[in-house]
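S.K.: Let me begin by handing over the structure; questions about it come next.
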Amino acid sequence: MGWHDIEQRNRRKLILMLVIVLVGALVAGVAWFTVDRLRDPAQAKCANPTVLNVVAAPDIAPVVDQVARGLNPDDANTCYRVEIVVNDSATTADQLAAPKPANLPSVWIPDSSVWLRRAKEKGAAQVPDSGSSIASSPVVMALAEQAARSRNWPEKQLNWADVIGAGGADLNVGMVDPSVDAVGVSALIAVRQVTALSSDPAANNVAVLRKLSPNAASGSSELFAKTGTTSGGPPITAFPTSERALLDNNAKRKDEQLVAVYPEPASPSLDYPYAVLPAPDDVAVAAAKFRTAMLSQTVGDALAANGLRFPDGRVAGTPPTDNRTIVRQLRPVPAPGTAQLDQVLNTWAGISKASRIQAVLDVSGSMNGVIPGSGKTRMQVTLEASEGGIRLMNPRTKLGIWVFSAELDGEKDYKEVLPVLPLNESLPQGALDKLRAIKATPTGRTGLYDTALAAYTSARQNWEPGRLNLVLILTDGKNDDDGRGVTREALLAELGKMQDPNRPLPIVFIGFGPDVDVAELNAISKATGGQAFNTADPTKINEIFFAALSRFISGKP
């Protein structure tokens, strides 16, 4: 059976979907069905089968079902019954990471190993670090055929640079939300690899992601629906998806054919890991047997019927001949490690989410200190990090900038440099020039407590729904105000009075240098549900600034 055998594949999917819909009416949000491995127990060699509970992503569930149905019920070595739950991978990861997860499966088959790492990061200690890949599907850029032909396809083999680079300026490119779909994670890595070859990789990466963010969707299905002629704005002409989903679209929608554009170098594939969770011995034995069945070469027909490749990247069944996909073996690229995963997700969050940020920069005398080995003052590196952070933000983010020292504006320790405005309004008005013009005072002290209270009070009074509201304070010292103004105890008490669980407003500190009072910053930030990020090495300010900003913008305090 080949990928082109559409009628038979669709008939199988229809049967599966009917079962899912019927049971879905009884069990909200989750599709469940039992694959009855055995005939009448009186006639079979195994009268008391072990129950193997398998949670499978929708893409791979039909293959799991078909392999399970092919097991021999009269074989005493196949003495188990498979119960399948069809559930999307992001939801399952959240369920497994719950404080007391109920009805744990024996086997979990998400669409990507990304979800094993996300589940463990959220606290699901029972989830293994990896699993045996039972199928694969490259992540591709789906490009409308007309747009592909205008770029000399099929004579020319296209790559992602043709879509997201200067040559794709006329395209309306969509994006899949990487927080809920592993395709989006792979796309972020592919974009970074493409822009890494440019003259200014960081700036170009941000520019491309900003172009993609307005068309972000929770999954590929939303973007498929927006291809072609739509009534809700211009049609999407390109977007990342899996090769499997593209093949499925082309089989169903003859009038909206899409061409698969493969990233070069390749980005992580969907790898469908077979992850075995802790279970009693008999269940563990059944899980091992079923894994062997899933890895058998005889599953080729089931993979082909669902547009999937073998784990090693070979096309299963008879490959299509229309040139819209590559049919040679494409060896899968492993899923990203936790560090790389966090990095790309945080970068995307900083670009795609609009926030309201009141930034407060220390300009006390100590900021004039030169950092050994750098030739730059603390003020210079702070301003450079701040400018880099602004370039990371969504243009719809609202940003205001204060500076503080002691008695900086009359009796006030703080002064406004830039009112809170959307970046797409303030940047054309010279916001970066105003930032670059900030200078530290010659000998000024650090009026931290009065400034923190004033900034927080202002941000609380101007709190905006629909945005992540936060106060961001960068300092190289501790409160040093000669007994003037508010005390620490009074500050914490006032902050406590202003807390509203329905209107969160954290203070995020970036503390750098050896003079920072870590306990002081932690106490203030904790009182607001925020966090303090500290480093004794001022040269690390860039690193902790981006980590702090992206972490809070992504909603991960």
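S.K.: Between ASP282 and ALA203, how many nm apart are label points set 7 Å from Cα along the C-beta direction?
M.R.: 6.7 nm
S.K.: For a quick protection proxy, order the peptides 46-59, 245-258 by their average other-Cβ count within 10 Å, most packed first. Don't jump to the answer; show the numbers that get you there.
M.R.: Numbers: 46-59: 19.7, 245-258: 18.1.
By packing density, highest mean first, the sequence is 46-59, 245-258.
S.K.: To the nearest whole percent, what portion of all C-alpha pairs in the stretch 445-536 is separated by more than 24 angstrom?
M.R.: On the way: 666 of 4186 pairs.
Summing the P(r) of the stretch 445-536 above 24 Å gives 16 percent of all pairs.
S.K.: Could you order peptides 113-121, 199-207 by the average number of other Cβ atoms within 10 Å of their residues, highest first?
M.R.: On the way: 113-121: 23.1, 199-207: 14.8.
Descending mean neighbour count gives 113-121, 199-207.
S.K.: Let me ask another. May I ask which of LYS398/LYS497; LYS100/LYS122; LYS100/LYS526; LYS398/LYS434; LYS353/LYS439 have a Cα-Cα span longer than 23 Å here?
M.R.: Working: LYS398/LYS497 25 Å; LYS100/LYS122 13 Å; LYS100/LYS526 27 Å; LYS398/LYS434 16 Å; LYS353/LYS439 30 Å.
Where the Cα-Cα span goes over 23 Å, the pairs concerned are LYS398/LYS497; LYS100/LYS526; LYS353/LYS439.
S.K.: Find the accessible area per residue for the stretch 296-341; the probe is 1.4 Å, ligands and nucleic acids are left out, and the unit is Å².
M.R.: Details: 2100 Å² over 46 residues.
Ligands and nucleic acids excluded, the figure is 46 Å² per residue.
S.K.: If you don't mind, there's one more thing I want to ask. Averaging sequence separations of C-alpha pairs under 8 Å and six or more residues apart, then dividing by the length of the stretch 188-318, give the relative contact order as a whole percent.
M.R.: Details: 80 pairs, mean separation 25.0, N = 131.
Dividing the mean separation by the residue count of the stretch 188-318 yields 19 percent.
S.K.: Need the C-alpha centroid separation for the stretch 332-411 versus the stretch 228-292, integer Å.
M.R.: Value for the Cα centre distance between the two parts: 37 Å.
S.K.: Using the Cα atoms of the chain to build a convex hull, what is its mean projected area in square nanometres?
M.R.: Numbers: hull surface 118.3 nm².
Hull-based average projected area comes out at 29.6 nm².
S.K.: Quote the Stokes-Einstein diffusion coefficient, in whole µm² s⁻¹, for the stretch 178-295, based on the Kirkwood radius over alpha carbon pairs, a temperature of 4 °C and a viscosity of 1.567 mPa s.
M.R.: Details: Rh = 17.1 Å.
Estimated via Stokes-Einstein, D reaches 76 µm²/s.
S.K.: Also: Which of the three applies to the stretch 458-512, rounded, prolate or oblate, going by the alpha-carbon gyration tensor with a ≥ b ≥ c and a/c under 1.5 meaning rounded?
M.R.: Values: a/c = 2.74, a/b = 1.54, b/c = 1.79.
It is oblate, given that a/c is not under 1.5 and a/b is not larger than b/c.
S.K.: From the convex hull of the Cα coordinates of the stretch 182-246, what is the mean projected area in square nanometres? Please report the intermediate quantities before stating the final value.
M.R.: Numbers: hull surface 19.4 nm².
Averaged projected hull area, Cα only: 4.8 nm².
S.K.: Roughly speaking, what is the centre-to-centre gap between the stretch 96-132 and the stretch 475-548 when only Cα atoms are used, to the nearest Å?
M.R.: A separation of 35 Å, based on Cα centres.
S.K.: What FRET efficiency, computed as 1/(1 + (r/R0)^6) with R0 = 60 Å and r the Cβ-Cβ distance, is obtained for ALA437 and ASN48, rounded to the nearest 0.05? Display every interim value, and only then the final one.
M.R.: On the way: r = 79 Å, r/R0 = 1.32.
The computed FRET efficiency comes out at 0.15.
S.K.: What does the convex hull of the Cα atoms come to per residue for the stretch 119-231, in Å³? Don't skip to the answer; put the middle values down first.
M.R.: On the way: hull volume 17.7 nm³, N = 113.
Hull volume over Cα atoms, normalised by residue count, gives 156 Å³.
S.K.: In deg cm²/dmol, rounded to 500, what helix-only [θ] at 222 nm does the chain give when every DSSP H run of at least 4 residues adds -39500 (n - 2.57) and the total is split over its residues? Show your work: numbers first, answer last.
M.R.: Details: 20 runs with 201 residues, N = 557.
For the chain, the value works out to -10500 deg cm²/dmol.
S.K.: Right, next: P(r) of the stretch 254-311 in 10 Å steps, Cα pairs, percent per bin?
M.R.: That works out to 16, 34, 30, 14, 6, 0, in percent per bin.
S.K.: How big is the stretch 285-439 along each principal axis, measuring the range of its Cα positions in Å and listing the largest first?
M.R.: For the stretch 285-439, the Cα spread along each principal axis is 81, 36, 32 Å.
S.K.: Taking the Cα centre of the chain as origin and charging only Cβ (+1 Lys, Arg; -1 Asp, Glu), how large is the dipole, in debye to the nearest 20?
M.R.: Values: 56 positive and 58 negative charges, 168 e Å.
Computed about the Cα centre, the dipole is about 800 debye.
S.K.: What aspartates and glutamates sit close enough to LYS289 to cross-link, taking a C-alpha to C-alpha distance under 17 Å and skipping anything fewer than 8 places away on the same chain?
M.R.: Straight-line reach from LYS289, under 17 Å: ASP36, ASP65, ASP74, ASP75, GLU83, ASP281.
S.K.: Starting from the Cα of LYS156, draw a straight line to each of the lysines and keep only those under 24 Å, dropping any in the same chain fewer than 8 residues away.
M.R.: Filter leaves LYS254.
The values are calculated or read from the model by the stated rules, or taken from the named source; none is laboratory data. The shown structure was predicted, so the numbers you read here are calculated from the model rather than taken from an experiment. Reconstructed Cβ throughout: ideal geometry from the backbone, glycine too, with neighbour counts over all protein chains shown. SASA here: full protein model, heavy atoms, side chains in, ligands and nucleic acids out. Shrake-Rupley method; radii C 1.70, N 1.55, O 1.52, S 1.80 Å.
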